[in-house]
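Asker: This is the structure I want to talk about, given as structure tokens.
The values are calculated or read from the model by the stated rules, or taken from the named source; none is laboratory data. As the structure is a computational prediction, the values presented were derived from the model and not from experiment. No Cβ is skipped: glycine too gets one built from the backbone with ideal geometry, and neighbour counts run over all protein chains shown. What goes into the accessible areas is simple: the full protein's heavy atoms, side chains included, and nothing from ligands, DNA or RNA. Shrake-Rupley method; radii C 1.70, N 1.55, O 1.52, S 1.80 Å.
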Amino acid sequence: PFCTSSSSSSSSMSDSNGDGEEGLLSSLWDHYKLGVSKMLTEDRKFVVSRYYENSGNNNDNNEISLEESMSLIEKKAEEEGEQSAKDAVKQFGEVKQREASLATILNAEQFEEARQKGEVRFTHKAFTAALLITLYQEEPVLHQASRLLKSIIDIDELMTTWRQRHALMVHRMIGVKMGTGGSSGYHYLQEASMQH
């Protein structure tokens, strides 16, 4: 519903969701959170349905909740050692890892903790803005911001390429001798190009 190309739907969206662009970004963020929640639920349903297909067990009881199905499968894996149940438990673990990763993105406090640990560099506000600009770049209000992000990424790629080429040129010219600025030369440049 948000990725329409007509400007009338975009302007009506921003009018109905608050104060212009801020309201639009807020509604897009809510839309993203809802999409993530639906995706994780569908992943869990897929794991459960796949288990029942592979194991030959019938899931005739449609009244059982998804969480109850998952705990029954985990119980079968532990007690009976059933291979299809073990596979399902492994897939549940992958879904839980994805959920934890996405929870960090969706929760500002968890994101800040990750930033303090050095796991991410951006602030939560900057990260969510960049994420939404990338995901909803077709929205007219986000066209310029999207072009700016792409230009910054291009500059970063060009700088990385230059660093790598410069390190290679230094290696060819002076080998592994000390660099002209007193650095360790090639090794310093190579390390810098890998780090940045």
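Asker: Would you calculate the convex hull of the Cα atoms in the stretch 37-166 and tell me its volume per residue in Å³? Intermediate results must be reported in sequence, preceding the final value.
Answerer: On the way: hull volume 25.9 nm³, N = 130.
With only Cα atoms used, the stretch 37-166 gives 199 Å³ per residue.
Asker: May I pose another question? Out of His187, Ile73, Ala100, whose Cα points farthest toward the positive end of the dipole of the stretch 37-196 (charges: +1 Lys, Arg; -1 Asp, Glu; placed on Cβ)?
Answerer: Most positive-ward Cα: His187.
Asker: Kindly write out, for the stretch 112-127 in residue order, the coupling ³J(HN,Hα) from the Karplus curve 6.51 cos²θ - 1.76 cosθ + 1.60 (θ = phi - 60°), rounded to whole Hz, with x marking Gly and Pro.
Answerer: 5, 4, 5, 5, 5, 7, x, 6, 9, 9, 6, 6, 4, 5, 5, 5
Asker: Any chance you could run the full-extension gain for Val36 through Glu112? It's 0.36 nm times the residue separation minus the Cα-Cα distance, nm to one decimal.
Answerer: Working: separation 76, 0.36 × 76 = 27.36 nm, distance 2.00 nm.
So the extension gain works out to 25.4 nm.
Asker: Starting from the Cα gyration tensor of the stretch 78-133, take the square roots of the eigenvalues, sort them a ≥ b ≥ c, and report rounded, prolate or oblate (rounded when a/c is under 1.5, otherwise prolate if a/b is larger than b/c, else oblate). The partial results should precede the final answer.
Answerer: Working: a/c = 4.59, a/b = 2.87, b/c = 1.60.
Verdict is prolate for the stretch 78-133.
Asker: Give a residue-ordered list of calculated ³J(HN,Hα) values for the stretch 159-171 (Karplus: 6.51 cos²θ - 1.76 cosθ + 1.60, θ = phi - 60°; whole Hz; x for Gly, Pro).
Answerer: Here the 3J(HN,Hα) series is 5, 4, 4, 4, 4, 5, 5, 5, 4, 5, 4, 5, 4 Hz.
Asker: About the Cα centre of the stretch 58-196, what is the dipole size in debye to 20, counting +1 per Lys and Arg Cβ and -1 per Asp and Glu Cβ, all else neutral?
Answerer: On the way: 16 positive and 22 negative charges, 300 e Å.
Taking the Cα centre of the stretch 58-196 as origin, the dipole is about 1440 debye.
Asker: If you don't mind, another one. For the stretch 142-196, which whole percent of the accessible surface, found with a 1.4 angstrom probe, sits on carbon and sulfur atoms? Could you put the intermediate results ahead of the total?
Answerer: Working: 2690 of 4460 Å².
Of the solvent-accessible surface of the stretch 142-196, carbon and sulfur hold 60 percent.
Asker: Sticking with this one: Need the list of lysines near Lys90 for cross-linking: C-alpha distance under 22 angstrom, and skip anything on the same chain fewer than eight residues off.
Answerer: Counting by Cα, and skipping residues close in sequence, Lys90 has these lysines nearby: Lys38, Lys45, Lys75, Lys76.
Asker: How much of Asp156 can a 1.4 Å solvent probe reach, expressed as accessible area in Å² and rounded to 10?
Answerer: That residue has around 90 Å² of solvent-accessible surface.
Asker: Now for a different question. Could you tell me the convex hull volume per residue, in Å³, taken over the Cα atoms of the stretch 137-196?
Answerer: Dividing the Cα hull volume of the stretch 137-196 by its residue count gives 79 Å³.
Asker: Can I ask one more? Using θ = phi - 60° and the Karplus relation 6.51 cos²θ - 1.76 cosθ + 1.60, list the HN-Hα couplings for the stretch 84-100 in order, rounded to whole Hz, with x at every Gly or Pro.
Answerer: These are the phi-based 3J(HN,Hα) values: 5, 5, 4, 4, 5, 5, 4, 5, 4, x, 5, 5, 5, 5, 4, 5, 5 Hz.
Asker: Now for a different question. List the chymotrypsin sites (Phe, Trp or Tyr not before Pro) within the stretch 27-131 that fall in a DSSP loop (any state other than H, G, I, E or B) and whose Cβ has at most 13 other Cβ atoms within 10 Å.
Answerer: Working: sites: Trp29, Tyr32, Phe46, Tyr51, Tyr52, Phe92, Phe111, Phe122, Phe127; in loops: Phe122.
When the chymotrypsin sites (Phe, Trp or Tyr not before Pro) of the stretch 27-131 are filtered for loop state and at most 13 Cβ neighbours within 10 Å, Phe122 remain.
Asker: Got a sec? What order do Thr180, Thr161 fall in by accessible area at 1.4 Å, biggest, i.e. largest, first?
Answerer: Details: Thr180 150, Thr161 55 Å².
Ranking Thr180, Thr161 by accessible area, largest first, yields Thr180, Thr161.
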